[in-house]
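Here's the structure we're looking at; comments come further down.
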Amino acid sequence: MSNMSYFKKIIRAFYNAFRGIKEAFIEQSFRILFVIALFVVFCLFYFPFEPLERAILILVVALVLSLELINSQIERILDILRPDYSEEVRKMKDISAGAVLVASIGAIFLAVIIILPYILLLLERFSFF
C-alpha cells in the first residue's frame, strides 16, 4: 500500500468519525453534554489548573461524550432490530443510559472538586460574596 493511499484512508476514517459526531447532534442529550463540555474547555483556558487537573477534566469530558455516543448507537441499533415495544429492549436502553448517568455524576463530583474552588476565588475577587 502506498503512503498516499494510506493517508487517504486515514483522512476518510476521520471524515466518517466527524460525520458520526455530527449525526449525534440530533440527540438532545448529546447537545446538552456538548455545551457542558464547552464550558469545561473554557475553564481549561481561563483558570490556572494544575496539569493533573487538566488531564482529569479532559479525560472525564471525553469519557462522558464517548459514553453518550455509544448510548445513542445502542438505542438506534435496538430501534432497528426491535421497532415494536419490548421489555428487554427497554432494559438494555436503560442500562446504557445508566452508564452515561454514572459517568455524568462522577463528572459533576470532579467539577465540584476541581473547578468550583477556582470559580469561588474568581467570585471572591469581584466581591460577590
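Just so you know, all these numbers are worked out from the coordinates, no wet-lab data involved. Remember, predicted model here, so these are calculated numbers, not experimental data. Reconstructed Cβ throughout: ideal geometry from the backbone, glycine too, with neighbour counts over all protein chains shown.
Numbers at a glance
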{"quantity": "Principal semi-axes in Å for the chain [√(5λ), Cα gyration tensor, largest first]", "calculated": "33, 24, 12"}
{"quantity": "Surrounding net charge for Ile21, when Lys and Arg each add one and Asp and Glu each subtract one, Cβ distance under 12 Å", "calculated": "0"}
{"quantity": "Descending semi-axes in Å of segment 86-129, equivalent ellipsoid built from Cα gyration tensor", "calculated": "39, 9, 4"}
{"quantity": "Modelled FRET efficiency - R0 22 Å, Leu52 with Phe109, Cβ distances, 0.05 increments", "calculated": "0.85"}
{"quantity": "MRE, 222 nm, helices only [DSSP H, n ≥ 4, -39500 (n - 2.57), over the chain, to nearest 500]", "calculated": "-31000 deg cm²/dmol"}
{"quantity": "Most mobile listed residue (Ala55, Ala99, Ala107) in the chain, GNM with C-alpha springs under 10 Å", "calculated": "Ala55"}
{"quantity": "Relative contact order %, the chain, counting alpha carbon pairs below 8 Å whose residues are six or more apart", "calculated": "26"}
{"quantity": "Straight-distance crosslink candidates among lysines, where the alpha carbon sits under 24 Å from Lys9 and sequence neighbours closer than 8 are dropped", "calculated": "Lys22"}
{"quantity": "Between segment 15-39 and segment 64-106, the alpha-carbon center distance in angstrom", "calculated": "16"}
